[in-house]
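Every read-out reported here was derived from the displayed coordinates using simple, explicitly stated rules and does not represent laboratory data. Please read all numbers here as calculations on a predicted model, not as lab measurements. Note that each Cβ is placed from the backbone with ideal geometry, even for glycine, and that neighbours are counted across all protein chains shown.
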Amino acid sequence: MDSEAREITKLYRAYKTIHEMVHDRGYLVSQNELDMTLSQFKDKYASAGSVERESLTFLVQKKDDPADSLLVFFPADESVGVKPIRKYTERMSSQEVLKGIIVYQKNLTPSAQKVITQMAPKYLIEIFSDSELLVNITRHSLVPKHVVLTNEEKKMLLERYKLKDLQLPRIQPTDPVARYYGLRKGQVVKILRSSETAGRYITYRLCI
C-alpha cells in the first residue's frame with residue numbers, strides 16, 4: 001500500500017470514529033455515515049486519489065435539542081495555527097454554533113492552543129488528532145460501557161444515596177473515555193462492568 005492509500009485509510013478510520021463519537025453523545029448522525037465503508041469513502045471523498053480534508057467538515061444537532069449544534073472541522077494544514085482557528089470560530093459565530101471539534105493531522109501550535117483556551121467558555125472547541133481516532137476506544141472489549149447521566153438523573157442518584165457529588169469517585173476530563181463523551185466538570189458518568197458473581201456491576205464517577 002502506497003503512502004497516499006495509507007493516508008486515505010487513516011483518514012477514513014478517523015472519519016468513522018468521529019461520527020460514532022458524536023452519535024454516542026446524542027447528536028443526529030445518518031446511518032449511511034455510520035455504516036460507510038472504505039470503498040464508499042474513497043468514492044465520495046477521494047475520487048481524485050487524495051482527500052480534500054476541508055470537504056469532510058460537517059454539522060450535527062442534538063436529538064432532543066436542535067439548538068445544541070456541533071461543527072466538526074478537518075484542517076488541511078499539518079500544523080494548525082491561529083488563522084484556521086479564527087476562521088472556524090467565525091463560521092461557528094455566523095451559524096450560531098457554540099461547540100466545535102477540530103480533527104488535526106500533526107499538531108496545534110501553542111498560539112492556536114492559547115486561542116482555543118481564550119475562546120472558552122463562549123466557544124467550546126475540542127481537539128483530537130487523526131491518530132487518536134484510528135480506533136474507537138469505547139468499542140474495545142476491555143472498556144466497560146459508559147453512560148453520561150442527565151442533570152435530572154444525577155440529581156436522582158445523589159438523592160437516592162444521600163450523597164454530595166464530591167463524594168463520588170472521580171474521573172479526569174483528560175481521561176480518554178471522558179474526552180470521547182465530551183464530559184464537562186460536574187457531569188456524572190455511569191459505568192457498567194460485567195461481574196462473574198453479580199452479573200453486572202455499576203459504578204458512578206464525577207468529572208472534576
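Computed over neighbours whose Cβ is under 10 Å from that of LEU71, the net charge equals +2, Lys and Arg +1, Asp and Glu -1.
Label separation (LEU192 vs SER141): 2.0 nm, computed from points 7 Å beyond Cα along the C-beta direction. Gain on full extension, evaluated as 0.36 nm per residue between PHE58 and TYR201 minus their Cα-Cα distance, stands at 47.8 nm. At q = 0.09, 0.15 Å⁻¹, what log₁₀ I(q)/I(0) does the chain have when each alpha carbon counts as one equal point scatterer in the Debye sum? Reported log10 I(q)/I(0), two decimals: -0.41, -1.05.
Between segment 128-154 and segment 30-56, the C-alpha centres lie 24 angstrom from each other.
The chymotrypsin sites (Phe, Trp or Tyr not before Pro) of segment 148-208 include none that meets both criteria, a DSSP state outside H, G, I, E and B (loop) and at most 13 other C-beta atoms within 10 angstrom of the site's C-beta. Pairs of lysine residues in segment 3-135 that meet both criteria, 8 or more places apart or on different chains and Cα atoms under 21 Å apart, total 24. The rule of thumb for compact globular proteins, 2.2 N^0.38 Å, goes into the C-alpha radius of gyration of segment 138-207 1.12 times.
Rounded to the nearest 500, the 222 nm mean residue ellipticity of the chain from helices alone is -10500 deg cm²/dmol, with -39,500 (n - 2.57) taken per DSSP H run of at least 4 residues. Rounded to the nearest 10 degrees, the inclination of helix 151-161 to the longest alpha-carbon principal axis of the chain is 30 degrees. Which of LEU59, LEU124, LEU157 moves most in a GNM of the chain, Cα contacts under 10 Å? Result: LEU157 has the largest fluctuation of those listed. Under a Gaussian network description of the chain, with springs only between Cα atoms under 10 Å, the residue in LYS145, LYS63, LYS83 that fluctuates furthest is LYS83.
Most mobile of LEU34, LEU142, LEU98 per a Gaussian network model of the chain (Cα springs, under 10 Å)? Result for the chain, Cα springs under 10 Å: LEU142 fluctuates most.
The trypsin sites (Lys or Arg not before Pro) of segment 73-133 that meet both conditions, a loop assignment by DSSP and at most 15 other Cβ atoms within 10 Å of the site Cβ, are LYS106, LYS122. Packing, as the average of other Cβ atoms within 10 Å across residues, places the peptides 128-136, 162-170, 46-54 in the order 128-136, 46-54, 162-170, highest first. Angle of helix 110-119 to the longest C-alpha principal axis of the chain, folded into 0 to 90 degrees and rounded to 10: 50°. Within straight-line reach of LYS162, meaning a Cα separation under 26 Å, sit the following lysines at least 8 residues removed in sequence or on another chain: LYS145, LYS154, LYS185, LYS190.
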